[in-house]
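S.K.: The structure under discussion is supplied below as structure tokens; questions concerning it will follow.
The values are calculated or read from the model by the stated rules, or taken from the named source; none is laboratory data. The shown structure was predicted, so the numbers you read here are calculated from the model rather than taken from an experiment. Reconstructed Cβ throughout: ideal geometry from the backbone, glycine too, with neighbour counts over all protein chains shown. Only protein heavy atoms, including side chains, enter the accessible area calculation; ligands, DNA and RNA are left aside. Shrake-Rupley method; radii C 1.70, N 1.55, O 1.52, S 1.80 Å.
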Amino acid sequence: MAKNTSLYFRIVEGRSLPAKDVSGTSDPYCIVKVDNEVVARTATVWKNLNPFWGEEYTLHLPTGFHSLSFYVMDEDTIGHDDVIGKILLSKDAIGAQAKGLDNWLNLTRVDPDEEVQGEIHLGLELLRDAKRIGLRCHFIEARDLAPRDISGTSDPFARILFNNHSAETSIIKKTRYPHWSETLELELETWELTEGGSVTVEVWDWDMVGKNDFLGKVEIPFACLHKTPLLQGWFRLLPLGNHEDDAGGKLGALRLKVRLVEDRILPSMYYQPLIDLLVESVISPAEVEDSSPLTMLEEVTTVESRQDVAMTLVKIYLGQGLVVPFLDYLSTREVNHTSDPNTLFRSNSLASKAMEQFMKAVGMLYLHEVLKPIINRIFEEKKYIELDPCKIDLNRTRRISFKGATSEAEVRESSVEMLQGYLSSIVESIVGSVTQCPPVMRVAFKQLHKRVEEQFPEPENEDVKYLAISGFFFLRFFAPAILTPKLFHLRDQHADTRTSRTLLLLAKAVQSVGNLGLQLGHGKELWMEPLHPIILCSVASVKDFLDKLIDIDQDSVSEVPQRAVFLPSVTVKEGYLQKHKAEGPQLLSRFAFKKRYFWLSSETLSYAKTLDPWQVRSSIPIQCVCVVERVDENAFQQQHVMQVVAQDNDGQMHTIYIQCKNVNELNQWLSAIRKASIYNERMLPSFHPGAYRSGKWTCCLQTNRTTLGCSRSHSAVTLGDWSDPLDPDAETQTIYKQLLQGRDKLRKQYLEAETTPEEEKRLNSGLLSDGADSSGQLLKHSQTAAARLLGVVLDLEQAHATFQQREREEGGSLILTP
């Protein structure tokens, strides 16, 4: 059974951190590691011992993980950054919290002997014959060891210990991927065969001066060798186990939110009946009042899980080519159940959440195109803007008048002028973007417009059809992106306090534009009044924009089943990076990397000297990509380098090395290229994290250029976001879990509902034609729909139980074949 592991974590804030700088403060930031691999770095909060970050991440880890670590660092402009403390969470500890972890956790000291990583490949054999009794250990190799030397490598050797016996391998210098291929033997006495205890294998970093550094250990119970005389395989290196206390809170604390979701995915054939029911709901919809699998799913969906369920459904229907009928089905039900147009789509119903997640799934690149230039300008200018008289701080303003100190009136006048300029740019960019908007979004809005107009045809409700669309478009899409650009990937870091206030004021104004100015002057924030004229002037252009937006032929948008959210030709990521080509003369590292502009689509990874259209582009077909991985720092003495290995038509491997500005940009590009190539059939299981230079690999020191990679590849490890590829099996598994949790509620509501003798008689006799019998017909239809849905849920539950039982019987992972 395939395994799906997703890890959600949010670094909220810190408190009572120790001062590391002479000024009596610190400049803290967090580094997050999964099994000692850096997956995220927060922004630095300058001069603050109680920092707020509010940064959240999602990781997809199909192969699982062992631990999640949070390191709090103090950034120094000169010299190395200081380590303040860490928090280590094991996978088991996270998984034990069914609803996730949300708590303050004290930082602990960082012990070098506990900072171990990597695996060792060895064979251990118990020798028992007439001539001798002993232990034979074949040390083959190790990989991904911790770097202990200043060069970013180590000088590892291994040691085997049992009772008072020990033996050591040779030292392999300057590598984290040593190949020993050595066999060591320990001679034992007969009485030692009955001893308990463990055989210990340790790995150390040899140092010429000072003591050797510990790299990890493996402990194998001696009893295992009696049962299995020959043990061979890869073993994970473990720390010494000197558990450090939390220093009594003296190092401060972090507030973290962490949640682990693990699913076992069945073969596709088992999910097809549930997909068929979901598809049937939208292509053959029953009457508005009738229950369907979709409405039943909404009934058992909690407020907390509704957003995840909505996004999952959007992806399922995108994959089926039915996302517009799906949204139309939900919208129609909501519109028909709404009597007051002022409350339309104002709740967090499944219809509202589905439309919101749909816009994020298909419209994020469009949003970037419209908003990014203006958002970047606001961040770069960092103007002090404030309209609220209670919040104006004259000390924070630059002098506007040469006559003396800046007055409150001058601050407001300046703020109004700058906000009007920003707001005009935003509105102009939005209303001029009709052709840039994805056609599938335009068709979905066209259907919504039609349903609202049918339900509220009265002249006094003329604006309702506009408000229904603008409520989603402006209030749930553009305004949140302006307020928190980082969450929409418009910026790499959160805004500072000054810029955040500007963005908040603009988001409020954009919301008023989306409301067509109908609520102006009715709120408590009367200090926003100077912006009312420009908001009212925008209403006509917004209505004209919405009319043009839905002026599209629905038949021109072909919805077909698909595997990705975007069309193959759409650029999903682009930007300047530093490129180094493996072939050719070997230049010094500082000169070998050249600035290039990169474009990524689901078809190609291309690059050119500049983004000018006349520049000749070099391209790598995505279908030829075999590996996308990090590169060790010591390969080029450069940080944040990744490699893309591709195979040409002749079977030859070609590697380009790409350097990013920081670890977050590195992870984003790694994730994006991996997602684009996730369905490639020739992905390699291993790779070289170093570079081939001076006749050998810098990682494992092997001289054969074509030798197999010395480290495992991580092709399926990606950051979770709106660009995730569609995965129908995993998505349907999520819906199944939600239905399984609500099964009792559905059974009680639909199958165990009490009926009067007269109703029972009508149900059984089929007297359901009209009048009083309509309620009976509705009941019978709902019962039938519920019975079918619960039957599918039961089948899936039994399938999971069957395969899990077979796994237990076979004592390991089971590869399923339908």
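S.K.: Helix 663-676 sits at what angle to the longest principal axis of the chain, using alpha carbons and giving 0 to 90 degrees rounded to 10?
M.R.: Taking the Cα atoms of the chain, the angle to 663-676 is about 80 degrees.
S.K.: Mind listing the long-range amide H neighbours of residue 127? Cut-off is under 5 Å, sequence gap 5 or more, other chains count too, H placed in the peptide plane at 1.01 Å from N.
M.R.: 134, 135, 136
S.K.: If you place +1 on the Cβ of every Lys and Arg, -1 on the Cβ of every Asp and Glu, and leave all else neutral, what size is the dipole of the chain about its Cα centre, to the nearest 20 Debye?
M.R.: 2060
S.K.: Efficiency by 1/(1 + (r/R0)^6): what FRET value for residue 219 and residue 705, r their Cβ-Cβ distance, R0 = 25 Å, to the nearest 0.05?
M.R.: So the FRET efficiency works out to roughly 0.10.
S.K.: Report the number of Lys pairs in region 571-720 whose alpha-carbons are under 17 Å apart, with separation of 8 or more residues or on distinct chains.
M.R.: 16
S.K.: What lysines does residue 737 reach when the alpha-carbon gap must be under 20 Å and sequence neighbours fewer than 8 apart in one chain are set aside?
M.R.: Once the sequence-local lysines are set aside, what remains near residue 737 is 3, 99, 315, 353, 745, 748.
S.K.: If r is the Cβ-Cβ distance from residue 308 to residue 498 and R0 is 51 Å, what FRET efficiency results, to the nearest 0.05?
M.R.: The pair residue 308/residue 498 has a calculated efficiency of 0.90.
S.K.: How far is helix 323-336 tilted, in degrees, relative to the longest principal axis of the Cα atoms in the chain, given as a value from 0 to 90 rounded to the nearest 10?
M.R.: Approximately 50 degrees, to the nearest ten.
S.K.: Whole-Hz Karplus ³J(HN,Hα) for region 606-620, in order, using 6.51 cos²θ - 1.76 cosθ + 1.60 and θ = phi - 60°, x for Gly and Pro?
M.R.: 3J(HN,Hα) across region 606-620, in whole Hz: 10, 8, 8, 5, 9, 8, 4, x, 7, 5, 6, 9, 9, 9, 10.
S.K.: Mind listing the phi-derived Karplus ³J(HN,Hα) values for region 710-715, rounded to whole Hz, using 6.51, -1.76 and 1.60 with θ = phi - 60°, and x for any glycine or proline?
M.R.: 9, 9, 6, 7, 10, 4
S.K.: Can you list residues whose amide H is under 5 Å from residue 626's amide H, if they're 5+ apart or on another chain and H is modeled 1.01 Å from N?
M.R.: Amide H neighbours of residue 626: 645, 646, 647.
S.K.: Now a separate question. With a probe of 1.4 Å, find how much accessible area region 372-550 has per residue, and write the answer as a whole number in Å².
M.R.: It amounts to 48 Å² per residue over region 372-550.
S.K.: Using a cut-off of under 17 Å, list every residue of region 424-451 whose amide N is near the label point 7 Å from the Cα of residue 569 along the Cα-to-beta-carbon line.
M.R.: So the set is 435-440.
S.K.: Report the paramagnetic label zone for residue 394: residues of region 405-420 whose backbone N is under 11 Å from a point 7 Å from Cα along the Cα-to-Cβ axis.
M.R.: The answer is 405-411.
S.K.: Taking the Cα atoms only, what angle lies between the long axis of helix 497-514 and the longest principal axis of the chain, rounded to 10 degrees?
M.R.: Tilt of helix 497-514: around 40 degrees.
S.K.: Bins of 10 Å, beginning at zero and ending with the bin holding the largest distance: percent of Cα pairs per bin for the chain, please.
M.R.: Answer for the chain: a P(r) of 2, 10, 17, 22, 20, 14, 8, 4, 2, 0, 0 percent.
S.K.: Karplus couplings for region 373-384 from phi (6.51 cos²θ - 1.76 cosθ + 1.60, θ = phi - 60°), rounded to Hz, Gly and Pro as x?
M.R.: x, 6, 4, 4, 5, 4, 5, 6, 7, 6, 6, 7
S.K.: Amide H of residue 84 versus every other amide H placed in the peptide plane: which residues, excluding those fewer than 5 positions away on the same chain, fall under 5 Å?
M.R.: 72, 73, 74
S.K.: Under 17 Å from the Cα of residue 86, which lysines turn up, not counting those fewer than eight places away in the same chain?
M.R.: 20, 33, 250, 257
S.K.: Classify region 372-550: rounded, prolate or oblate, from the alpha-carbon gyration tensor (a ≥ b ≥ c, eigenvalue square roots; a/c under 1.5 rounded; otherwise prolate if a/b is larger than b/c)?
M.R.: Here region 372-550 falls in the prolate category.
S.K.: Checking the a/c ratio against 1.5 first, then a/b against b/c, what shape does the Cα gyration tensor give for region 571-720?
M.R.: It is rounded, given that a/c, with a ≥ b ≥ c, falls under 1.5.
S.K.: A further question on this structure: Along the charge dipole of the chain, Cβ charges K/R +1 and D/E -1, which of 636, 294, 30 sits furthest on the positive end?
M.R.: Farthest towards the positive end: 636.
S.K.: Okay, moving on. Which one, 734, 517, 672, is farthest towards the positive end of the dipole of the chain when Lys and Arg carry +1 and Asp and Glu -1 on their Cβ?
M.R.: Final value for the positive-end residue is 672.
S.K.: Could you give the size of the charge dipole of region 405-486 about its Cα centre, using +1 on the Cβ of each K and R and -1 on the Cβ of each D and E, expressed in debye and rounded to the nearest 20?
M.R.: Dipole about the Cα centre, nearest 20: 640 debye.
S.K.: Specify which residue in the list 701, 720, 683 is farthest towards the positive end of the charge dipole of region 571-720, using unit charges on the beta carbon of Lys, Arg (+1) and Asp, Glu (-1), about the Cα centre.
M.R.: The one lying farthest along the dipole's positive direction is 701.
S.K.: Right, here's the next one. Restricting to DSSP H runs of at least four residues, report the calculated mean residue ellipticity at 222 nm for the chain, -39500 (n - 2.57) per run over all residues, nearest 500 deg cm²/dmol.
M.R.: The helix-only estimate for the chain comes to -10500 deg cm²/dmol at 222 nm.
S.K.: If the reach is capped at under 29 angstrom between alpha carbons, list the lysines near residue 227, excluding any in the same chain fewer than eight residues apart.
M.R.: Answer for residue 227, where 29 Å is the Cα cut-off: 131, 217, listed by chain and number.
S.K.: Further question: Alpha carbon centre of region 45-95 versus region 356-383: separation in Å?
M.R.: Rounded to whole Å, the Cα centres lie 28 Å apart.
S.K.: Here's a follow-up. With labels modelled as points extended 7 Å from the Cα through the Cβ direction, what inter-label distance (nm, one decimal) is found for residue 522 paired with residue 101?
M.R.: Modelled inter-label distance: 4.7 nm.
S.K.: Taking the Cα centre as origin and putting +1 on Lys and Arg beta-carbons and -1 on Asp and Glu beta-carbons, what dipole magnitude results for region 119-236, to the nearest 20 debye?
M.R.: Using Cβ point charges on Lys, Arg, Asp and Glu, region 119-236 gives about 200 debye.
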